[in-house]
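So the structure is just underneath, and the comments pick up after that.
The values are calculated or read from the model by the stated rules, or taken from the named source; none is laboratory data. Everything numeric in this text was worked out from a predicted model, so none of it was measured. Here the Cβ positions follow ideal geometry from the backbone for every residue, glycine too, while neighbour counts run over all protein chains shown. Side chains are part of the model used for accessible areas, which takes the heavy atoms of the whole protein and leaves out ligands, DNA and RNA. Shrake-Rupley method; radii C 1.70, N 1.55, O 1.52, S 1.80 Å.
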Amino acid sequence: MRRSTESPFSLLYYRLAKLSLIHLSVNQTLCVLVLLVTLFTTAGKQIGAFGFLELAVFDRLTRTLPQKKSQEDLAQSKIVVVEITEQDLLKQGEWPFSDLTLAKALRELQEHQPRMIGVDLYRNLPQGEGIEDLEREFAKDNVMAIYDVGGRVDAPPSIPENRQGFNDLVLDPDGVVRRHLLYTYTGEREFYSFSLLLALGYLGQDNLSVGRSPDGLTIADTKFSALRNNSGAYQNLDAAGYQILLNQPPNMNIDRLPFSLVVEGAAPPELIRDRVVLIGSTAPSLKDTFRTPIHKGNRINPLFSGVELHAQQVNQILNISLGEVKPFYFWTEWQEILWIIGWSAVGAVAIRTAKNLRSLILIELAAGGLLILVTELLFQQYIWIPMISPLFGLGLCSVLVLAHKLIDTSFVDPLTHLPNRQQFFLHLRFAIKHSNQSRQSRFAVLFLGIDRFNIINDSFGYAVGDKILTGLAQRIKTVLNDIETTPLLARVGGDEFAILLPHMQNSDEIQVQADQLQAIVQKPFLIEGKELILSCCIGIALGQPSETYEPEQLLRNAHTAMYRAKMLGRSSYEVFAAGMKNQMTERLKMETDLRYALTRDEMELYYQPLIDLKQGTLIGFEALIRWNHPSGIISPYNFIPVAEETGFIIPLGKWIIQTACRQMQTWHELFPEHSNLGLSINLSGRQFSHPDLVQDIRSTLDETQLSSDCLKMEVTESIAMQNVEKSIDLLLELKELGLQLSIDDFGTGYSSLSYLCQFPIDTLKVDRSFVVQMQESDADYAIVQTIVTLSHALGMTIVAEGIETAEQRDILKGLDCEFGQGYLFAKPLRVFEAEALIESNQAFF
């Protein structure tokens with residue numbers, strides 16, 4: 001049993017291709033990837049995948065918030081903390097402090113007229129002596145007390161309920177305090193936090209009812225936005241009640257007084273008067289400390305006490321209410337989704353436009369840096385938005401787009417954006433598998449090759465050639481789009497396309513498609529203001545449900561059929577047959593042998609005499625190539641087309657020019673009386689368009705010392721007319737070397753007389769097909785007569801090819817044709833035979 005050779009990567013690609021993702025346009029593909037990344041990133045955000053990192057970013061950004069530290073700012077502080085330190089514990093010698101000691105501290109503070117006093121100590125039970133004194137101090141209107149929100153520790157019973165506030169510190173899952181619970185309610189009953197009561201008391205609004213709405217609180221005409229379960233970078237937050245973020249500066253703008261100094265009556269009055277005073281513990285041994293976003297940035301005191309955090313919260317509420325600082329603002333969920341979409345798109349576009357690895361890295365770093373900078377700048381304005389989730393989206397989208405680019409490189413032709421050979425094999429393999437499984441589905445592989453496309457590249461340049469190939473691919477797609485069986489078009493070579501036609505019912509359908517493809521290829525292209533008409537040959541390989549194939553074998557069969565079509569003539573198609581494989585093998589062997597023919601000295605020049613039809617004398621030779629292959633002489637009609645297609649014609653043509661010129665110069669030296677003998681050499685289409693042609697001929701003339709007026713270069717009529725302007729320029733360059741120029745096979749092409757007048761031509765050669773038929777065909781005789789008359793009118797001479805009889809010679813002489821060649825005079829001769837002919841001074845009639 002044959003094992004499947006599909007790799008997991010190929011299978012994945014094929015599935016994506018079936019979903020049409022790969023065949024979308026570039027912009028459509030980017031949009032799809034961006035949306036997929038956004039969905040994946042948003043889902044990750046919903047389940048809290050980025051929560052830990054987002055909170056770490058929040059902590060770092062909190063430590064960068066700007067803070068005022070001037071003496072003037074300190075003088076305007078609204079808060080003072082009476083802190084119970086380790087020294088106070090030692091000096092008082094007791095803990096908890098007695099009611100008498102606490103009462104004395106409160107009394108001393110009241111002497112200096114504070115606006116509010118907050119007792120940040122749990123005192124629900126009497127401690128030692130002095131309960132009456134303490135209750136008298138608690139009875140004063142500006143004293144507030146704290147209780148545990150869960151009801152585990154109540155406020156002192158002597159303090160009325162409207163001056164009791166719950167402990168508002170809320171721990172995040174990582175044990176860090178970043179938010180405060182300001183307010184909540186149950187039915188008609190309202191609950192105020194300890195910090196909020198102190199702030200309201202300071203503002204002189206004891207009777208103020210806090211305005212509430214679903215999205216926040218209103219205090220002193222100022223809106224405090226409440227945290228939602230997804231505010232900022234939070235996700236699935238327990239947002240019960242009304243919570244706000246705590247703005248925790250690295251250096252809190254709060255004055256401090258030791259508890260013992262207050263008890264002793266030595267506290268400076270200016271630090272107490274008209275301020276909010278909080279009494280609480282800062283001694284580490286009492287363990288009333290918490291981790292905060294800035295604890296990592298404070299190595300000396302990494303933890304903050306509860307009273308410090310409450311002081312900061314009171315300060316924040318007051319500053320926001322008085323318009324001195326901004327409250328934190330959060331985007332809506334849709335705004336955050338758009339934020340992720342935007343940065344995912346940035347990642348996609350950045351990678352798609354990157355030209356190399358260095359630019360890719362720089363663009364990614366720049367995009368990530370810009371995202372971080374924007375997030376930090378917004379945070380400085382108290383706008384907290386996610387950073388990690390858009391960074392993840394940017395990175396993930398970049399990776400996916402990079403993977404898509406790699407897929408493009410591996411499976412898509414970069415010029416036409418069509419599937420390439422590898423992807424075609426992948427689809428073909430699955431088509432074969434489906435055909436074998438269904439036992440009814442036939443399919444076909446078409447191999448389309450453009451005829452003589454190399455001449456277009458040589459004549460117009462590769463940029464024009466690429467443009468034509470791109471346009472051609474679009475034309476072929478329009479034809480295939482009308483087929484209901486979803487065919488696949490791929491570019492599998494420079495000027496070669498492969499087409500998979502699945503679910504074909506009969507051969508007639510396939511032939512109809514081949515005819516349509518040839519018709520669309522032959523529609524003219526407008527290049528540099530001129531119409532250029534292409535043609536193509538198509539090879540067809542049929543796939544039968546009962547047969548087992550390898551994709552490479554089927555494409556090779558179609559390729560073989562295409563070459564068979566090329567051998568039979570341009571603009572045709574052939575269906576693969578078993579015998580073609582042998583022909584293709586022979587063709588490949590010829591290509592291989594041809595590349596070594598020069599080094600093995602297998603090429604030989606023959607020389608066919610050119611005769612003066614008036615004098616009957618020898619005037620020169622035409623150099624003709626022959627291949628002495630080990631298996632026998634191979635005709636140029638067989639190997640020259642192969643040399644043209646493979647490009648071997650360039651070194652071969654150069655060898656012909658050098659060898660022929662060297663031989664002619666040798667004959668001039670051997671036979672001085674024949675130093676006027678001329679030499680004619682044919683140029684192929686690919687040679688004629690090669691940029692080094694003129695320089696190669698100049699170098700050969702310099703090397704051999706052959707006089708340039710003895711050398712005539714021949715080009716066919718069809719080659720000269722392919723690009724008239726460039727042909728004229730090249731012919732003029734050759735003319736400047738002093739060469740003679742000739743149009744070969746004249747009358748078989750499609751010359752325009754207006755262009756013919758512009759060519760700097762010396763001679764027209766009448767094609768042998770007209771000469772041979774002159775006696776039997778009045779039309780051929782008229783054509784020859786017209787060509788002779790035309791050439792003389794244009795100041796050109798005439799050479800007639802293929803003269804085989806004396807009657808043909810006499811007719812041409814009667815038409816005033818100057819020169820001729822053919823088997824009547826001599827067949828092509830080897831070097832020693834040509835030398836003997838020159839030496840003999842033979843008269844031919």
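Give me the percent of the accessible area of the stretch 93-193 that comes from carbon and sulfur atoms, probe 1.4 Å, all protein chains in place.
Carbon and sulfur atoms account for 48 percent of the accessible area of the stretch 93-193.
For the chain, what is the calculated [θ] at 222 nm in deg cm²/dmol (nearest 500), taking -39500 (n - 2.57) for each run of four or more DSSP H residues and dividing by its residue count?
-14500 deg cm²/dmol
In vacuo Debye scattering of the stretch 421-576, one point per C-alpha: log10 I(q)/I(0) at q = 0.14 Å⁻¹?
With one equal scatterer per Cα and no solvent, log10 I(q)/I(0) is -0.66.
Considering only DSSP states other than H, G, I, E and B, which GluC sites (Glu not before Pro) in the stretch 122-203 qualify as loop sites with at most 13 other Cβ atoms within 10 Å?
Here the GluC sites (Glu not before Pro) that fit, given the DSSP loop and packing criteria, are GLU129, GLU188.
What number comes out for accessible area per residue over the stretch 76-328 if the probe is 1.4 Å? Units Å², please.
43 Å²
Give me the one-decimal Kirkwood hydrodynamic radius in Å for the chain, with the sum taken over alpha-carbon pairs.
Computed over the chain, the radius equals 36.3 Å.
Keeping all protein chains in place, calculate the accessible area per residue for the stretch 421-576 (probe 1.4 angstrom), answer in Å².
Accessible area per residue, the stretch 421-576: 44 Å².
Any chance you could run the full-extension gain for GLN842 through LEU171? It's 0.36 nm times the residue separation minus the Cα-Cα distance, nm to one decimal.
The span from GLN842 to LEU171 would gain 229.7 nm if fully extended.
Which of the chymotrypsin sites (Phe, Trp or Tyr not before Pro) found in the stretch 685-791 are in a DSSP loop and have at most 13 neighbouring Cβ atoms, other than their own, within 10 Å?
TYR750
Tabulate in residue order the Karplus-calculated ³J(HN,Hα) for the stretch 677-690, using 6.51 cos²θ - 1.76 cosθ + 1.60 with θ = phi - 60°, rounded to whole Hz; enter x for Gly and Pro.
3J(HN,Hα) across the stretch 677-690, in whole Hz: 4, x, 10, 10, 10, 7, 10, 7, x, 6, 4, 4, 9, 6.
For the stretch 327-358 and the stretch 773-800, write down the distance between their C-alpha centroids in whole Å.
76 Å
Between the DSSP loop rule and a limit of at most 15 other Cβ atoms within 10 Å, which GluC sites (Glu not before Pro) in the stretch 584-637 are left?
Passing sites in the stretch 584-637 do not exist.
Pairs LYS523/LYS589; LYS654/LYS765; LYS405/LYS566; LYS765/LYS827; LYS654/LYS735; LYS467/LYS589: which exceed 26 Å Cα-Cα?
With Cα atoms farther than 26 Å apart: LYS523/LYS589; LYS405/LYS566; LYS467/LYS589.
From the C-alpha gyration tensor of the stretch 296-453, pull out the three semi-axes of the equivalent ellipsoid (sqrt of 5λ each), sorted largest to smallest, in whole Å.
One finds semi-axes of 58, 19, 15 Å for the stretch 296-453.
Please calculate how many Å² of accessible area the stretch 601-840 carries per residue, with a 1.4 Å probe and no DNA, RNA or ligand atoms counted.
Value for the stretch 601-840: 42 Å² per residue.
On the first, second and third principal axes, largest extent first, how far apart are the outermost C-alpha atoms of the stretch 125-263 in Å?
50, 37, 30
Which percentage, to the nearest 5, of the DSSP beta bridges contained in the stretch 601-840 is antiparallel?
Restricted to the stretch 601-840, the bridges split so that about 40 percent are antiparallel.
With label points built 7 Å along Cα→Cβ from the Cα atoms of LEU526 and MET567, find their separation and express it in nm.
Reported label-point gap for LEU526 and MET567 is 4.1 nm.
On C-alpha positions alone, give me the angle between the axis of helix 579-597 and the longest principal axis of the chain, in degrees, nearest 10.
The two axes meet at around 80 degrees.
Quote the relative contact order of the stretch 76-328 in percent (integer), defining contacts as alpha-carbon pairs under 8 Å separated by 6+ residues.
30 percent
For the stretch 651-704, what number results from the quotient of the Cα radius of gyration and 2.2 N^0.38 Å?
This ratio for the stretch 651-704 stands at 1.22.
In degrees from 0 to 90, rounded to the nearest 10, what is the angle of the helix 26-46 Cα long axis to the longest principal axis of the chain?
20 degrees
Where a ≥ b ≥ c are the square roots of the eigenvalues of the C-alpha gyration tensor, would you call the stretch 601-840 rounded, which needs a/c under 1.5, or, failing that, prolate if a/b is larger than b/c, or oblate?
Cα axes put the stretch 601-840 in the rounded bin.
Rg and Dmax of the stretch 99-138, using alpha carbons, in Å: what are they?
In order Rg, Dmax, the Cα atoms of the stretch 99-138 give 10.0, 29 Å.
Return the carbon/sulfur percentage of the accessible area of the stretch 421-576, one whole number, probe 1.4 Å, all protein chains in place.
47 percent
With a 1.4 Å probe and every protein chain kept in, tell me what percent of the accessible surface of the stretch 601-840 is carbon plus sulfur.
50 percent
Based on C-alpha coordinates, I'd like the Rg and Dmax of the stretch 76-328, in Å.
17.6, 51
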